[in-house]
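> Once you've had a glance at the structure underneath, I'll fire off some questions.
What follows draws every value from the coordinates through simple rules; no lab data is involved. Remember, it's a predicted structure, so these values are computed and weren't measured experimentally. Using ideal geometry, Cβ is built from the backbone for each residue, glycine included, and neighbour counts are taken over all protein chains shown.
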Amino acid sequence: DAKTTQPNSMESNEEEPVHLPCNHSTISGTDYIHWYRQLPSQGPEYVIHGLTSNVNNRMASLAIAEDRKSSTLILHRATLRDAAVYYCILRAFYNQGGKLIFGQGTELSVKP
Amino acid sequence: DTEVTQTPKHLVMGMTNKKSLKCEQHMGHRAMYWYKQKAKKPPELMFVYSYEKLSINESVPSRFSPECPNSSLLNLHLHALQPEDSALYLCASSRGLAGLSSGANVLTFGAGSRLTVL
């Protein structure tokens, strides 16, 4: 499985934008980039995913580098509820039997 | 219904007990997953079922026995566990894993069952 690298932790101020980086230099051409987050005492929840183009949804935006070796999850206005561990995950186009493998993730704290 | 429901929320068991964790979804998903998560660590994949058949077993010890009786239900049977098996057990589901773009399928997770083995 291709590997992702994320900072262990990041801090943000409430109501400011947050850019969470992810490096995936060994990504293959058909790997999807997924982001999940896990709030304290909850199961992980899906945030966003993309293949080549930038993506927006109601939760966040995903900016994918042109060479696809890195991506950035953008939270446009952080709230205290966004404090969570954010996981960047590569998932094979043909899905390799169903694996979604979590890396270490980035723990985001949001200050009021 | 867009939820994955896991029961029980908490379970305490002795090393000689037999117990089961249950997971249910009614989203029409045909893939279901078990993950194990220790404190301050990422979830680790244990098993994947696709169309009620076991498709992945990540070398999990046989004291954990999964079962998928139908497309909505996933069980994890526990027997002769060790204290180090104490963890949060997470269930997830997604659309089926056949098809060219199944790598885009999104997982919906339950809140987990917290297991303590004494």
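> Considering the zone a paramagnetic label at B:His79 would reach in this model (a point 7 Å from Cα along the Cα-to-Cβ line), which residues of segment B:1-28 have amide N under 20 Å from it?
Residues passing the 20 Å test: B:8, B:12-23.
> Across the protein assembly as shown, how many lysine pairs, 8 or more apart or on two chains, come within less than 15 Å at their alpha-carbon atoms?
Taking the protein assembly as shown as the scope, the lysine pair count is 8.
> Further question: In the protein assembly as shown, what cysteines have no partner Cβ closer than 4.7 Å?
Taking the Cβ cut-off of 4.7 Å, the unpaired cysteines of the protein assembly as shown are B:Cys68.
> Going by average Cβ density within 10 Å per residue, which order do the peptides A:34-40, A:85-91, B:25-31 take, highest to lowest?
The most tightly packed comes first, giving A:85-91, A:34-40, B:25-31.
> Oh, and also: Quick one: pull the percentage of alpha-carbon pairs in the protein assembly as shown with a separation above 28 Å.
Pairs farther apart than 28 Å: 31 percent.
> Neighbour counts of other C-beta atoms within 10 Å: give me B:Phe47, A:Phe102 arranged from fewest to most.
A:Phe102, B:Phe47
> Dipole magnitude of chain A about its Cα centre, charges +1 at Lys/Arg Cβ and -1 at Asp/Glu Cβ only, in debye to the nearest 20?
260 debye
> With all distinct Cα pairs included, what does the Kirkwood hydrodynamic radius of segment B:1-108 come out to in Å, to one decimal, could you say?
Evaluated on segment B:1-108, it is 14.4 Å.
> At what distance in nm do the modelled label points of B:Glu52 and A:Asn54 sit from each other, each positioned 7 Å from its Cα along Cα→Cβ?
Using points 7 Å along Cα→Cβ, the separation is 4.6 nm.
> Okay, next question. Could you please rank B:Val4, B:Val60, placing first whichever residue has the fewest other Cβ atoms within 10 Å of its Cβ?
Fewest-to-most Cβ neighbours within 10 Å comes out as B:Val60, B:Val4.
> Need one number: the % of Cα-Cα pairs in segment A:34-84 sitting beyond the 17 Å mark.
37 percent
> Between A:Asn8 and A:Gln42, 0.36 nm times their residue separation minus their Cα-Cα distance comes to what?
10.3 nm
> Project the alpha carbons of chain A onto their principal axes and report the range along each, largest first, in whole Å.
Projected onto its principal axes, the Cα set of chain A covers 42, 30, 24 Å.
> Here's another thing I want to ask about it. What's the average, rounded to a whole number, of partner chain beta-carbon atoms within 10 Å of each residue's beta-carbon in A:99-107?
Mean shielding count: 4.
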